[in-house]
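Chemist: Shown below is the structure under consideration.
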Amino acid sequence: MITHSFRETLDGGLEKTGQVVPMIPTFVFGWPSGDELGDYLAIDLGGTNLRVCLVNLQGKGKFEVTQSKYRLSEEQKQDDGQKLFDFCAESLKTFIDSNSGEGGLIQVSPGQKLPLGFTFSYPCKQDRIDHGVLIRWTKGFGAANTEGEDVAAMFQKSLEKFELPVTLTALINDTTGTLIASRYVNPTTKIACIFGTGCNAAYMEHIKDIPKIKDLGLPDNVDMAINCEWGAFDSFEHEHLPRSKYDVIIDEASNKPGEQAFEKLISGRYLGEIMRLVICELIDDGILFLGQNTYKVEVANALDTALLSLMESDPTDELLMIIGIFSHFFALETTLAERQFLRAIARLIGRRAARLSACGIGALVGKMGYLEDGCAVGCDGSLYNKYPGFAGRIHEGLIDIFGEKASNIRTHHAEDGSGVGSAIIAAMTKARKDAGLYVNL
Ligand code: BGC
């Protein structure tokens, strides 16, 4: 039932603008050839870190990446948006300065500008590739004066302030980058997903099946990547996804109640907190940690999702890892029965997240008719890469949806979409515009 309503929602988003799942046309036209070449800069504002990369595309699916990471503080996520983009530009300047000069990887002659891809992993309504109005912040961001604004123009202002020798070629979502980067190395890729701090997917759609952009007059036989923004599935109305009381608390306590309903059941930003709420309820009911001081675990967001991964993968009969986690982080002693229970809860939360993710993939596979011939799904993000059994549980879910044919759908760890994907998209865009194709888009 969830897969079915998911599919209807995806179709609805292609039909009309302004839908809850916005199905955003990205102006990335078709697949890469694999022969894209050259040096590109990429900046990636995604969730936890800011990353700056220099990507050298070598063709035939090969590339090299040089990168630096800069930690984002909680204040920066909530402060003024222009200041956040200034920080991005300043970090890019630091990166360029430290990699240029004699023998450096970056050599810019006077007047020359380097192509830059900006991976901005929040829902943006685009009407051309180097433009995007932020629909809403997700993943706990709340920087002021940014929602409803063109973030590419805001970033451009910051680039000018720091006098950077770059041209902003493309504004991209991490899923679109992942789709293109995965396809660059694996030609059977048709879908890309991120299961990390947030969750989302992108795929390639036929222009004739995107009714809402009919008036652009693009040829029917061309394809365009769609950024689904499926984390928003079932937002506001909450009519398709079964939510527990813990999910409702998380939603209401978030900076965006009602929004990102699907994401709040799945992504790494929330899973630890779901488990913590279960624990707190059982403490209140006098069932867990009797007679101990539990204040440390009662602090909001005190249980990181990474700890659920560790609890699930504890290989010892005594569950020594769980002993360590609870004594180290929360000064709590656990009985073996409590530890077995805690592990079972972690399993339920992780398994639900993976099976709901399978519903999203199933909706896209069904809609596009990929089941018979099969396809590869490039996946990235901390949950997919680090949560034990996450990929296997997605496959179990797909088998429950499609039966044995689900083995035609293979998920795999994707290439770095926000860096390499962004560079390939910058290269594809330059080639498209040089060829005189839809130059204003
Ligand atoms: C954002 C998407 C992004 C996803 C994964 C979501 O919260 O809305 O744009 O692709 O997180 O990073």
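The values are calculated or read from the model by the stated rules, or taken from the named source; none is laboratory data. Note that the coordinates shown come from a computational prediction; the quantities given were computed from them, not determined experimentally. Counting neighbours? That spans all protein chains shown, and the Cβs are built from the backbone with ideal geometry, glycine included.
Chemist: In the range 166-209, which residues are in a helix (DSSP H, G or I) and surrounded by fewer than 24 Cβ atoms within 10 Å (Cβ to Cβ)? Break it down stepwise before answering.
Modeler: Initially, the range 166-209 is screened for residues in a helix (DSSP H, G or I), giving 174-185, 207-209.
Val185, Ile207, Lys208, Asp209, listed by residue number.
Chemist: Given the criteria farther than 23 Å from Gly366 by Cα, within 16 Å of the ligand (Cβ to nearest atom) and surrounded by 24 or more Cβ atoms within 10 Å (Cβ to Cβ), does Ser121 qualify?
Modeler: yes
Chemist: Are any residues in the range 180-189 touching a helix residue (DSSP H, G or I) at 6+ places or on another chain (Cβ under 7 Å) and either within 18 Å of Ala391 (Cβ to Cβ) or among the small types (Gly, Ala, Ser) (or both), and if so, which ones?
Modeler: Ala181, Thr189
Chemist: Lys212 is checked against (1) touching a Leu at 6+ places or on another chain (Cβ under 7 Å); (2) farther than 30 Å from Gly30 by Cβ; (3) outside any loop (DSSP other than H, G, I, E, B) and fails just one. What number does that condition carry?
Modeler: Exception for Lys212: condition (2).
Chemist: Looking for something at pLDDT 95 or above, within 16 Å of the ligand (Cβ to nearest atom) and small (Gly, Ala, Ser) - is there at least one such residue anywhere in the range 223-230?
Modeler: Yes, some residue in the range 223-230 is at pLDDT 95 or above, within 16 Å of the ligand (Cβ to nearest atom) and small (Gly, Ala, Ser).
Chemist: Continuing with the same structure: Quick one: how many residues across the range 365-385 are closer than 25 Å to Glu8 by Cα and assigned to a loop (DSSP other than H, G, I, E, B)?
Modeler: 6
Chemist: A follow-up question, please. Applying the selection to the range 124-141, what residues are assigned to a loop (DSSP other than H, G, I, E, B), among the β-branched types (Val, Ile, Thr) and more than 9 Å from the ligand (Cβ to nearest atom)?
Modeler: Ile129
Chemist: Could you tell me which of the residues Asp251, Asp314, Asp247 is among the charged types (D, E, K, R), touching a Lys or Arg at 6+ places or on another chain (Cβ under 7 Å), more than 30 Å from Met368 (Cβ to Cβ) and in a helix (DSSP H, G or I)? Talk me through it step by step, then tell me what you get.
Modeler: Numbers: Asp314 fails: in a helix (DSSP H, G or I); Asp247 fails: more than 30 Å from Met368 (Cβ to Cβ).
Of Asp251, Asp314, Asp247, the one residue that is among the charged types (D, E, K, R), touching a Lys or Arg at 6+ places or on another chain (Cβ under 7 Å), more than 30 Å from Met368 (Cβ to Cβ) and in a helix (DSSP H, G or I) is Asp251.
Chemist: Out of the range 57-67, which residues are surrounded by 16 or more Cβ atoms within 10 Å (Cβ to Cβ) and of a type outside the set (A, V, I, L, M)?
Modeler: Passing the criteria: Gly61, Phe63.
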